[in-house]
1. Multiplying the sequence separation of ASN111 and LEU77 by 0.36 nm and subtracting their Cα-Cα distance, what value in nm do you get?
2. Taking 0.36 nm per intervening residue step and subtracting the Cα-Cα distance, what contour gain separates ARG93 from LEU186 on full extension?
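Nothing in this text is a laboratory measurement; each read-out follows from the coordinates by a stated rule. What you are looking at is a predicted structure, and each value in this text was computed from that prediction instead of being measured.
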Amino acid sequence: MNTHSNFAVVSYQGIDATSSIVAFLALGGLLFGYNIGATSGATISLQSRELSGTAWSNLSAVQLGLAVSGSLYGALLGSLLVYPIADFLGRRRELIIAAVLYAFGGLITSNAPGLGVLLIGWPVYGLGIGLVMHGAPLYIAETCPSQIPGTLISLKELVIVLGILELLGGENLFLLFGAIALVSHLFVVFYVPETKGLSLEEIESKILK
């Protein structure tokens, strides 16, 4: 039996699933890359009162290291936490949670009044990264046509790299681009369909019984 037919392009509220997948992957990957690119600039700006616009820019090497690596710790924690509950959540809910974590983490870090709040915001953002990097490949495998999963996974990797690139001399445009990508990701992820993975797992368990 050709099980690939179960993963053919499906429709959810009139939106083509493949198009939704491409949009979600592009935006989620861009936000991950954006975090990497922004972190490199933060190592400079956080040490300058003029660039950071804060009164707490005189950071030690340890404080600076914690600040710029916070999202990576969050991503590690997110990957560990989601592993045992991913199938229970389903891919779509996992991605929605990731989008919400992206939003909360971005809001916290952009309005951080001090280092302590910044050290909370980056890990929250990183939790979203961990969920997206786990859920995206699974979503591709369970939803898209069998001919193109490799292409879409390559696209995810491509847009991560594109998100790292910062326009020199265009910091305001860079920040605006990140904000637009975040809002768009939040919008798109609520319209992508759930995958067939959970229902197929239920069928398999019944067959084994």
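1. 9.9 nm
2. 32.3 nm
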